[in-house]
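Peer 1: For reference, the structure I am asking about is given below.
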């Protein structure tokens, strides 16, 4: 089967182009599950806020210890109170993890008292505010007290905001009764989101206070490590986490106010869905394989029709010559087909192309309110929560399937239905997607109460990781989606923010991305105020090749040889030093407000099944080094989480799973 995802680019047919600033069009959830995800998104974000700010209590102790205990022999009273506060953080974290709202409320009250005791003890060291050098550390400690108090207030506001909806959110202590019908749940969903909005302003104010105080602390004053504590890096990570959460709350507010619009409360909304097969990775997430429609009126969802992307191409009968990328890397494809048109990493650009061609092919008078891209990861995660999915074409589960080396069973089954070898022409071989989505939505919205929070969390995760993306033709809606980072658009950054995006495109290599994993080692070095990057990407295909002989009749999933166009998007004006792993000379050009370094492997030096290969790029960023340096890592839609190592000036700084956009703050 083939499923699709969209991103966006701009000029598909031209060679290296001048940069074209794309209106970063983001998307947002639609229909019932989408706002539900938005609500869960808010709840989860604010839950993170509690953890982050509580963790700062421990950081208070570290700073106090560094600034005073080792230099000015302070009293035992402050040490005792800080230890109590540190212990309190662990208790609150445990309560948050248990989703025990009543316990969180109690523990926050205790934490408030502990912070007051620390403040009282801290004031006894006020003489240090007049001592050279020490006064800077004393000032940092005062800012941390402000952060602690604002963090507690944010937690209290959050509790007040979500307490009326704890049953719906699956929080401990919820009532045993619940909304039973889909209509009841939709109505309650809308009310709860609208009920949260007034609290968001208050939370945003506290976050602003926290961010302002945290930004006053200069991490460069502190050593990397002190008595086993990671000081400098923890400060930087706290700053980036708070900045991310503050931005998410602020930017997510406009789309939350559109919940009624999305659910068709004023008039019916029509949505066009496009399915991306991320097993065959393309720039905006996956090969465009099929499409479907649905309408939403007053919260009631009605699935429409679905069909094969090839049917649209047959209607269009394109005679447009293939653009440079297709001509250079695809195999025996002389014309530009709609199914190959998502060549841009920027989803809004690709979405505009799809809608234009769809209207041309169908001649429909229906104008769609949004285009939604989904990939297979969405299906897998939802079926994991539901346990199984019964449809007219079969029963699907997410259990590992040995026929595809352990991939989820639903993936193999759908690929078999859509792509098994046939000795006859079968029309609408992907028409099962309509009934599949109908069953999925019906099961999700009608599922038992305990599964609603898990389904909402699955939606949130898939939007955050760009397995769901949304484009709105309406400018106001699109602006709101862009701010909330729902659209998969290439982000335009300011001149002080560095940027990195890796984009891969599988051309004629079956569905090998089901199996392929990536690992990145990103090395940053500074010299003379310049920031040098070396990014090494290891591609591994651990599984045996499929038998792709059509006469054998097997499903060809894992190609014996993988062919990949890879592109590194970096700040405009950056200069390439060296590229390895490409069998062509690297191409450098500007696009989407970025500089692009393009390479390819697969004809001379393919990635073979059960093997690994590596590419790398070295370049000098146009963004200079500074003590307030930021780096945005923007993830490609449709990709699996990537093991990511970040090294700074020869030392490993961090190791994490790159599954969503991530901002890193460094003092360079």
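Peer 1: Residues in the range 573-610 near a label at residue 534, defined as backbone nitrogen under 20 Å from the 7 Å Cα→Cβ point?
Peer 2: Residues 574-583, 586, 597-599 fall inside that zone.
Peer 1: Just grab the label-to-label distance for residue 208 and residue 604, each label 7 Å out from Cα along the Cβ direction, in nm (one decimal).
Peer 2: Result: 5.8 nm between the two label points.
Peer 1: How do 600, 226 line up, fewest other C-beta atoms within 10 Å first?
Peer 2: By the 10 Å Cβ count, ascending: 226, 600.
Peer 1: Turning to a different aspect of this structure: Which of 333, 535, 378 has the fewest other C-beta atoms within 10 Å, and how do the rest follow up to the most?
Peer 2: Sorted ascending by nearby Cβ count, the order is 333, 535, 378.
Peer 1: Still on this structure, please answer the following. Applying 1/(1 + (r/R0)^6) with R0 = 35 Å to the Cβ-Cβ distance of residue 496 and residue 580, what FRET efficiency is obtained, to the nearest 0.05?
Peer 2: 0.75
Peer 1: Right, next: Of all DSSP beta bridges in the range 269-483, what percent run antiparallel (nearest 5)?
Peer 2: 75
Peer 1: Right, another one. Can you work out D for the range 269-483 in µm² s⁻¹ from Stokes-Einstein, where Rh is the Kirkwood radius over C-alpha pairs, the temperature is 25 °C and the viscosity is 0.890 mPa s?
Peer 2: Rounded to a whole number, D works out at 134 µm²/s.
Peer 1: Among 556, 548, which comes first, then next, by fewest other beta-carbon atoms within 10 Å?
Peer 2: With the sparsest Cβ surroundings first, the list reads 548, 556.
Rule-based calculations on the coordinates, nothing more; no lab input. Because the structure is predicted, anything quoted here is derived from the model rather than measured. Here the Cβ is made from the backbone with ideal geometry for all residues, glycine too, and neighbour counts use every protein chain on show.
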